[in-house]
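The values are calculated or read from the model by the stated rules, or taken from the named source; none is laboratory data. Because the structure is predicted, anything quoted here is derived from the model rather than measured. Using ideal geometry, Cβ is built from the backbone for each residue, glycine included, and neighbour counts are taken over all protein chains shown.
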Amino acid sequence: MTRLLVKLFVKDSENINNIRVRTAYGTLGSVTGIILNILLAVSKYIAGIISGSISVTADAINNLSDAGSSIISLIGVKVSAKPADKSHPYGHGRIEYISALAVAFFVLLMGVELLKSSISKIIHPEPVIFSGLSLGILIASIAAKLWLGIFNRRLGKKINSAPMMAVMKDSFSDCLATSVAAISIIVSAFSKINIDGFLGVFVAGFILIAGINILKDTVGELLGKPPEKELVEAIENKILTYDNIVGVHDLIIHDYGPSRKFASAHAEVPSNADIMEAHDIIDLIERDIANEFGMTISIHLDPIIVDDEKINNLRKMTLDTVKGISEDMSIHDFRVVDGPTHTNLIFDLTVPYENKISNEEIIKTVEDNLSKIDERYFAVITVEHSFN
């Protein structure tokens, strides 16, 4: 079904870096969610009236709010497709994260309202009437919501859409909510135990958890999460495929919304390379990455000495010393300045954020270990943290 809908409503569906294609995917997901949730809300409301079940009626209201969430997602997709302008030179892509944030608040609001209604039902219980029609509607609703969750997950992963992934999580939590409502009706048919209110509290808890998870994911995007490891490795490996590029470091990827990423990196080239040829290669890399990854990248050229055996040995010795402290550390921009009394080993040291050792302690350890090899070695270290 997903492939059929994509084929019918998304032209050039594989060109996901194209804003028009992303907008078509987002529109398809949002409109499908609006239509399906309105149908489910009406059906469940009827089932809730027939059975007198608060959990069923609340589930209907939840579906109505889901339709509202899909409308918010649709608006977000449309606004995010606006081109860059003077006020927003990096485009409007982050509006998708804001719309996902609005979905999270909708989910949390519904969870709180359901919790209040369920507690009231526990304090003032009312009988639940068994109805085969109501039960059938709920079972059909579970199947529909499960499909909608899978549908949004596939589309969301395809175009890296935060709102769609939020709707996916909400849909799966709705499956649980509806399942509990169905259990309430079934129990009412075989016993006089009224568990409707208690099950409503249970459902409210899962809806609140889903809302909190969506909120956490979206806030992470807005604050600036690290890029995917696979993307970082793919870009670095791409840069290293070009002639005279012997290393790459300080790759930074700025996220201004899906398909609106900007990057910068340092590419190491031999110091004896022709500067005009090296510059031409850098220009070529920037154009190729823009075409392949759909992002603008600015690459800084770093000349390094690669044909001096002494410097190469000192670089390897220093790297081994650093790796002896932690395999996750690395060095770059390595230079050597020889003097009559000592030799300065100048380099940048990249330390992961999860490292528990202070920068001062790391520097002192490296300095001590190098001086043990030769007391003439002085380390001039700049500590930095990776952005990936």
Look at the range 226-250 and say how many of its residues are outside any loop (DSSP other than H, G, I, E, B), out of contact with any Asp or Glu (no Cβ under 6 Å at 6 or more places or on another chain) and either surrounded by 18 or more Cβ atoms within 10 Å (Cβ to Cβ) or not small (G, A, S) (or both).
13
Just to be sure before I move on: is I282 assigned by TED's automatic domain parsing to the domain that holds K372 and in contact with a helix residue (DSSP H, G or I) (Cβ under 7 Å, 6 or more places away or on another chain) in the structure I sent?
no
Any residue in the range 13-30 that is surrounded by fewer than 19 Cβ atoms within 10 Å (Cβ to Cβ), touching a Leu at 6+ places or on another chain (Cβ under 8 Å), assigned to a helix (DSSP H, G or I) and assigned by TED's automatic domain parsing to the domain that holds A144?
yes
Residue, modelled with the lowest pLDDT, within the range 287-344, restricted to residues that are in a strand (DSSP E or B) and exposed (fewer than 13 other Cβ atoms within 10 Å of the Cβ)
D338
Which residues, taken from the range 224-269, are within 19 Å of V306 (Cα to Cα) and among the β-branched types (V, I, T)?
I239, T241, I245, V246, V248, V269
Pairs needed: first member in the range 167-194, more than 30 Å from V77 (Cα to Cα); second member anywhere, of a type in the set (D, E, K, R) and buried (at least 24 other Cβ atoms within 10 Å of the Cβ); C-beta distance under 6 Å; at least 6 residues apart or different chains.
A181/D59; S184/D196
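So, of the residues in the range 362-378 that are over 43 Å from the mean Cα position of the chain (by Cα) and closer than 17 Å to V337 by Cβ, which turns out to be surrounded by the most Cβ atoms within 10 Å (Cβ to Cβ)?
Ranking the candidates gives Y377 first.
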Candidate set from the range 116-136 (those that are assigned to a helix (DSSP H, G or I) and of a type outside the set (A, V, I, L, M, F, W, C)); member that is modelled with the lowest pLDDT:
S134
Give all pairs with beta carbons closer than 7 Å in which a residue from the range 359-388 that is part of a strand (DSSP E or B) meets a residue that is small (G, A, S); count only pairs at least 6 apart in sequence or on separate chains.
Y377/S371
Scanning the range 80-91 for residues that are closer than 16 Å to T27 by Cβ and either assigned to a loop (DSSP other than H, G, I, E, B) or modelled with pLDDT of 85 or more (or both) gives A81, K82
Quick one: how many residues across the range 256-286 are assigned to a loop (DSSP other than H, G, I, E, B) and charged (D, E, K, R)?
2
Of everything in the range 80-106 that's among the basic types (K, R) and within 21 Å of M164 (Cα to Cα), which residue is farthest from the chain's Cα centre (by Cα)?
K82
